[in-house]
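The values are calculated or read from the model by the stated rules, or taken from the named source; none is laboratory data. Keep in mind that what you see is a predicted model, and the values were worked out from it rather than measured. Cβ coordinates were reconstructed from backbone atoms using ideal geometry, including for glycine residues, and neighbour counts include every protein chain displayed. The protein model used for the area step is the full one, side chains on, heavy atoms only, and it has no ligands, DNA or RNA in it. Shrake-Rupley method; radii C 1.70, N 1.55, O 1.52, S 1.80 Å.
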Amino acid sequence: MIIMKLKFKGCLELGGEVKAPSSKSYTHRAIILASLAKGRSLIFNPLLSEDTLATLSACNDLGANITNFGDYLEIEGLAGKVKPNFEPLISGVKREPVINLANSGTSLRLLTSIAALGDKKVIFTGDASLQTRPMDDLLDALSQLGVKIESTGGNAPITVYPGFIGGQSQISGNVSSQFISSILISAPLTKEGVKLEVLPEFVSRPYVDMTIDVMEKFSVNVKDINLENNITSFNISPQEYTACEYIVEGDYSSSSYLLAACGIFGGELRILNLFKDSKQGDKIILDIIEKMGPTIIREDTYIIIKSDGNLKAIPEVDLSDAPDLLITVAILASLAEGTTKITGIGHTRFKETDRIATTCEELRKCGCKLEEFEDEIIIYGKTLDTKENFLVSSHKDHRLAMAFSLLNLKGYNITVEDGDVFNVSFPNFIELMSQIGVDLDLSYD
């Protein structure tokens, strides 16, 4: 079997100016809403990665007409009428109504509710990792709304049947905000609309705010009401999505690796297309890195970071609303002077991997002293082994591969196995790292 390894070759000086990669979260949502809208939308500056291309392909299968021009997408929407289209692959051979989403959990979760708006059943499946991702809470909430879904063990493959009238439902907010976003996106296209109550604890709330933000750009209004006992109620009446021109902003999650690289090695870096008023929860990476020592300058459409390469630990970092930052923050903490406690991360156990377990496993492999708990990690900085060469596993998790490659910037000898998985969210990772002075390479074994 061929194994791709991500290797560090060197870094003499780090700095310059780069454009942030486009937001994966916003790209997913823009493609889906444009596909549901009435009329022709243009999506500019989309992120075209493995995950977002899975969403694009699935929306084509659900009936939208999408043309990919590279730097923009042209999408002729369905005007709210989802019509799955499974034309024969070979003349005379019937194609099964199966949509393979590969490793994209976002696609699976957001599109499950959308498929229930259609006029025929749809089966969603994916790779082995995707088939371990929990879906029970979403399936239960949709069941309360009259949607029929079949699944073995609450995981993909799942079969979604047509028939989503609307009504009232409740869902727990402590597993995945994507479940909530899924129902919100589909709700305006139901006959009755939807009243969805989110039970506390509501984690990753900024991702739902992002969803509502994009829905508003496509002319749909969501009423957000705070009830007693920390219950949030979303009320969505029947409405119509209207096509528009949409520009995808830069991604703070992916940019965290660029920011962390500068913080670790030292230098001055300007990152364009990162907006000061962004609703992305991962914008908190700026506050985290700033507390560790580097200087952060926030302008309206770009960020400047200045660092001398000396990081100090933060006693506690709460990532309840920014789970995708876990591995980046863990790497920064392992290189900082002092002890860092990372809290609010229990829901990261349900990502591409159990990110608490895999992060701790690979850091321990590199000699780092840490304590692992159900929903937090305590990391003792500067305890990594400087003498050995380490081969760490990405566990086929894109964020782990990118974050662990940064350890080399402090002189550690780390090679990441299955390192090419960065294509899931950041296909030009190596190119942008090269632009700022970090020389990375992929090799086959």
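Worth a mention:
- Yes/no for N45 being touching a strand residue (DSSP E or B) at 6+ places or on another chain (Cβ under 7 Å), open to solvent by 30 Å² or more (accessible area, probe 1.4 Å) and of a type outside the set (D, E): yes
- Extreme residue, surrounded by the most Cβ atoms within 10 Å (Cβ to Cβ), among residues of segment 311-350 that are closer than 24 Å to G15 by Cβ, over 24 Å from the mean Cα position of the chain (by Cα) and touching a residue at least 40 places away in the same chain (Cβ under 8 Å): L311
- Answer from G166, G146 - the residue that is crowded, with 20+ Cβ neighbours inside 10 Å and not acidic (D, E): G166
- Any hit, segment 83-103, residues being open to solvent by less than 10 Å² (accessible area, probe 1.4 Å), among the small types (G, A, S) and within 30 Å of P323 (Cβ to Cβ): no
- Here A79 clears all of (1) more than 25 Å from the chain's Cα centre (by Cα); (2) open to solvent by 50 Å² or more (accessible area, probe 1.4 Å); (3) within 14 Å of A34 (Cα to Cα) except the condition numbered (2).
- The listed residue being more than 25 Å from L48 (Cβ to Cβ), hydrophobic (A, V, I, L, M, F, W, C) and modelled with pLDDT of 95 or more, out of L407, L400: L407
- Of the numbered criteria (1) among the aliphatic types (A, V, I, L, M); (2) closer than 18 Å to S22 by Cβ; (3) surrounded by 21 or more Cβ atoms within 10 Å (Cβ to Cβ), the one I247 fails is (3).
- Residue check for R364: charged (D, E, K, R), open to solvent by 70 Å² or more (accessible area, probe 1.4 Å) and modelled with pLDDT of 95 or more: yes
- Within segment 330-363, the set of residues being part of a helix (DSSP H, G or I), among the β-branched types (V, I, T) and more than 19 Å from G105 (Cα to Cα) comprises I331, T359.
- Residues satisfying the stated conditions in segment 134-186, i.e. without any contact (Cβ under 8 Å) to a residue 12 or more places away in the chain and under 19 Å from P238 (Cβ atoms): none
- Restricting segment 271-287 to residues that are of a type in the set (A, V, I, L, M) and open to solvent by 10 Å² or more (accessible area, probe 1.4 Å), the residue that is nearest to the chain's Cα centre (by Cα) is I284.
- Qualifying residues in segment 132-150 (those that are polar (S, T, N, Q) and at pLDDT 95 or above) - the one farthest from E87 (Cα to Cα): Q144
- Residue count for segment 317-329, restricted to those that are part of a strand (DSSP E or B) and of a type in the set (D, E, K, R): 1
- Count of segment 413-445 residues which are part of a loop (DSSP other than H, G, I, E, B) and open to solvent by 10 Å² or more (accessible area, probe 1.4 Å): 5
- Positions within segment 106-119 being assigned to a loop (DSSP other than H, G, I, E, B) and at pLDDT 95 or above, in sequence order: A116, L117, G118
- Scanning segment 233-270 for residues that are within 22 Å of the chain's Cα centre (by Cα), touching a residue at least 60 places away in the same chain (Cβ under 8 Å) and under 14 Å from S307 (Cα atoms) gives L258, A260, A261.
- In summary, strands (runs of 3 or more DSSP E) completely within segment 62-105 and bearing 1 or more residues that are under 26 Å from R133 (Cα atoms) and modelled with pLDDT of 95 or more occur at 98-100.
- Leading residue by the ranking (most open to solvent (accessible area, probe 1.4 Å)) among those in segment 200-221 that are farther than 25 Å from F350 by Cβ and touching a residue at least 24 places away in the same chain (Cβ under 8 Å): K217
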